[in-house]
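The values are calculated or read from the model by the stated rules, or taken from the named source; none is laboratory data. Computed from a predicted structure; not experimentally measured. Cβ placement follows ideal geometry from the backbone for every residue including glycine, while neighbour counts extend to all protein chains displayed.
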Amino acid sequence: MIPHPDLDSSMRELFGDISVADPAFHNSGPIDVLLGVDLTLPLLKGQTLSLGKDKPFPIRSEMGWIIGGKANSSVQNSFHVNHIQLESDHLINKFWELDSVPCAKPLTSLEEACEDHFVKTHSRNENGRYTI
């Protein structure tokens with residue numbers, strides 16, 4: 001879309017007396033065609049008009065007057081930057097906390113008695129089978 005955003009309608013009034021190639025040049029719209037310099041330069045007739053410093057200027061072409069130059073816009077660009085710096089030791093500690101396997105919780109006295117009973121009453125034979 002060129003131009004973006006729409007230019008003030010007073011921009012069109014600056015060029016009211018000349019036949020511009022695009023009568024709606026001040027309105028944003030889709031690009032119809034892009035021409036390279038090799039095609040554009042032969043179309044230009046070299047005549048320009050000055051409307052004052054820092055104002056757009058018309059350039060005469062085979063297609064009519066082409067408008068170029070600086071155009072003020074009321075749209076303001078905004079930039080947002082975020083920067084965070086953390087100590088690497090803290091990050092490494094947090095990584096290990098997340099990555100470590102939690103320790104087994106201690107057995108209750110009943111669970112310990114069951115474990116002892118299992119160890120005393122079970123074994124494996126030479127074939128790997130449990131025997132009671």
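Within the stretch 116-132, work out how many residues are out of contact with any Phe, Trp or Tyr (no Cβ under 8 Å at 6 or more places or on another chain), among the hydroxyl-bearing types (Ser, Thr, Tyr) and surrounded by 10 or more Cβ atoms within 10 Å (Cβ to Cβ). So the count comes out to 0. I need the full set of residues from the stretch 100-114 which are among the charged types (D, E, K, R) and either modelled with pLDDT of 90 or more or touching a helix residue (DSSP H, G or I) at 6+ places or on another chain (Cβ under 8 Å) (or both), in order please. Result: Glu111, Glu112. If you filter the stretch 64-81 down to residues that are surrounded by 12 or more Cβ atoms within 10 Å (Cβ to Cβ) and of a type in the set (A, V, I, L, M), you find that the one that is modelled with the lowest pLDDT is Ala71. Criterion applied to Ala113, Ala104 was being over 30 Å from Ser10 (Cβ atoms), surrounded by 10 or more Cβ atoms within 10 Å (Cβ to Cβ) and free of Cβ contacts under 8 Å to residues at least 12 places away in the same chain, and the one residue passing it is Ala113.
Against the numbered list (1) loosely packed, with under 10 Cβ neighbours inside 10 Å; (2) at pLDDT below 75; (3) not hydroxyl-bearing (Ser, Thr, Tyr), Gly52 comes up short only at (2). Checking His26, His90 one by one, the residue that is at pLDDT below 85, touching a Leu at 6+ places or on another chain (Cβ under 8 Å) and of a type outside the set (Asp, Glu) is His26 and no other.
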